[in-house]
Amino acid sequence: MIRLGLMYFTIVFAAGFLLGTLRVMLLVPTLGARNAELLEMPIMLVVVYVVGSWVAGQANSRRQALAVGLLGLMILLTAEVGLAAVLFNKSPIDALFNKDPVSGTAYYLSLVVMAVMPAYRWRPLAGA
């Protein structure tokens, strides 16, 4: 379960880091932060769906799949707070709660989706 949670986090985080870098460099200057973040969100949700579906297929039960999703989310939030502190000198409170009201709300909803996606996509093996 821990291995799956780490894999879930790593793939989602890597995609988010790559897309976030592109967003800041290419979209924010012309569209603004809110619009750029909102444009990135559907792509990240597709990543969460695909990776969440894959880890769900590796889990032995819906409960384990939910634990994997929650573990991935916990690691993601820890990494976000850590990176915000190191790269931007932000406090944990600022990193987690100082967000745009519109894109921040969408972001938090996407975190809920990330947490539950493996459990949502989990299916018992055929014939089991």
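Points 7 angstrom from Cα along the Cβ direction at MET74 and VAL28: gap in nanometres?
3.0
Report the Rg/Rh value for region 87-128, based on alpha-carbon coordinates and the Kirkwood definition of Rh.
1.28
Find the centroid of the Cα atoms in region 94-125 and in region 53-68, then give the distance between the two in whole Å.
Distance between centres, Cα-based: 17 Å.
For Rg and Dmax of the Cα atoms in Å, one of [x] 20.9, 75; [y] 14.3, 39; [z] 15.5, 54 was computed from the structure I shared and the rest are decoys. Which label?
[z]
Counting alpha carbon pairs within less than 8 Å and at least 6 residues apart, what relative contact order, in whole percent, applies to the chain? Don't jump to the answer; show the numbers that get you there.
On the way: 138 pairs, mean separation 47.7, N = 128.
Across the chain, relative contact order equals 37 percent.
Dividing the alpha-carbon radius of gyration of region 1-74 by 2.2 N^0.38 Å (N being the number of residues), what value is obtained?
1.27
Pop a pseudo-label 7 angstrom from the Cα along the beta-carbon direction at both LEU18 and VAL46 and give the gap in nm to one decimal.
That separation, rounded to one decimal, is 1.2 nm.
Quick note: the coordinates plus some simple rules give every number you see, no bench work behind them. It should be emphasised that the depicted structure is a prediction, and the values quoted were computed from it without experimental measurement. Heads up, the Cβs are rebuilt from the backbone with ideal geometry, glycines too, and the neighbour counts pull from every protein chain shown.
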